[in-house]
Each structure stands twice: as C-alpha cells, then as structure tokens.
Amino acid sequence: MSEQHVPPSGQPLVRALLERLRRDEPGCASTLAHAPALLPWSAAFESGEATIDAEHRRLFELGNEALEASRSMDTQPRVFRSALNALLVHVTRHFLSEERILEQRGYAGLEAHKRAHRELLERARELELQADAGRITIDELAEFLALDIVANHLLTSDTLFFPLMRERD
C-alpha cells in the first residue's frame, strides 16, 4: 500500500492500524481477547437504524478478527482464510440488507450507494482471490478495512443517509 493511494483523510487511520499490527506479535498479551480492538467501534458510527447499526458493529468485530488472524496467516492460513471468509460473507449480506432498508425508506441516493457497494464487493473479491493464491498482505487487508470500508464508506457514504434514519426512528 503506498501513501499516494490513500486519501489524506484516511492516512492516519490506516497508518495507526498498520503500526499496531506490526508492533504486536501474534500470541502475545496484546491479542484480540486482551487488547483494545484494532478497529474500535464508536457510537458516533451509528446511523439510528437498529439493523444497520447492528450489522456495522458486527462488521467491526469480524474485521478485527480477520486483522488479528492476518498476523499469523503464514503459520495458520486456514484460520486466516476462515476469518476473511466470514468477514466477506457478512459484508455481502450487510450491503444487501442496507440497500433493502434504504429502498424502503425512499433514500434518494440509493443508486449511487449501490454502485459504491458493487465497487467494494469487487475489491473484496480481488482480496479473496489474492488470499486463495497466498498473495494477500496485511497492508492490503488493513487498507481495505480501515480506508475503503470504514473511512471512505461508513464514515463518508453511509453518513449521507443517517439523517433519513434519524428522522423516522
């Protein structure tokens, strides 16, 4: 991952995540069970729609599990692949669920949001192919989660529909 591909708004998030992944060794006291999440959830990420919020929280949980598993992907590739698969299945299901809810609520930006989802799913498929070939890197996974999913989608695109969710609930 090169800094030139990372928009300025996402650089600190990706940099901090990569520093933590590289600093902590797998299996030490700073494992997922004992340390703060690599990608921490915040109530500020809530849309006001219970289903979407629960799915977003689960996305963070699965993302953290995949990131933790990525630190030992060379020695435990099955564990990593299982965590990555769970994350990507959830992302796919979440996008469909979110789109249904947005359609029910009459969200004016639905078509653009669906396009953004398709682009993210295309990137997810690329990561999956790289993982299948044993060529995925921690940097690529961190960039996908911290930058593509969190910074550029959840904290940018998704926030555009938050007012609609909050006015109806």
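Does any residue of segment 38-51 turn out to be buried (at least 20 other Cβ atoms within 10 Å of the Cβ) and at pLDDT 95 or above? Checked against the condition, which is being buried (at least 20 other Cβ atoms within 10 Å of the Cβ) and at pLDDT 95 or above, segment 38-51 yields at least one hit.
Modelled with pLDDT of 95 or more and not in a loop (DSSP other than H, G, I, E, B): is that true of Ala112 in this structure?
Working: modelled with pLDDT of 95 or more: yes; not in a loop (DSSP other than H, G, I, E, B): yes.
Answer is yes for this residue.
Is it the case, given these coordinates, that Phe95 is without any contact (Cβ under 8 Å) to a residue 40 or more places away in the chain, on the phi < 0 side of the Ramachandran plot and among the hydrophobic types (A, V, I, L, M, F, W, C)? So Phe95 passes the test.
Scanning segment 160-169 for residues that are in contact (Cβ under 8 Å) with a residue 12 or more places away in the chain and part of a helix (DSSP H, G or I) yields a count of 6. Which residue out of Ser82, Ser72 is free of Cβ contacts under 8 Å to residues at least 24 places away in the same chain, out of contact with any Ser or Thr (no Cβ under 7 Å at 6 or more places or on another chain) and hydroxyl-bearing (Ser, Thr, Tyr)? Going through Ser82, Ser72 in turn, just one is free of Cβ contacts under 8 Å to residues at least 24 places away in the same chain, out of contact with any Ser or Thr (no Cβ under 7 Å at 6 or more places or on another chain) and hydroxyl-bearing (Ser, Thr, Tyr): Ser82.
Scanning segment 67-79 for residues that are assigned to a helix (DSSP H, G or I) and surrounded by fewer than 23 Cβ atoms within 10 Å (Cβ to Cβ) yields Glu68, Pro77, Arg78, Val79.
Each row is one residue, and each column tells you yes or no for (1) among the polar types (S, T, N, Q); (2) buried (at least 19 other Cβ atoms within 10 Å of the Cβ); (3) at pLDDT below 95; (4) part of a loop (DSSP other than H, G, I, E, B).
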| site | (1), (2), (3), (4) |
| --- | --- |
| Leu102 | no, yes, no, no |
| Tyr107 | no, no, no, yes |
| Ala116 | no, no, no, no |
| Leu121 | no, no, no, no |
| Glu126 | no, no, no, no |
| Ile136 | no, yes, yes, yes |
| Glu140 | no, no, yes, no |
| Glu143 | no, yes, yes, no |
| Ala151 | no, yes, yes, no |
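The values are calculated or read from the model by the stated rules, or taken from the named source; none is laboratory data. Computed from a prediction, not measured in an experiment: that's the story for all the values here. Positions of Cβ are backbone-derived with ideal geometry, glycine not excepted, and every protein chain shown enters the neighbour counts.
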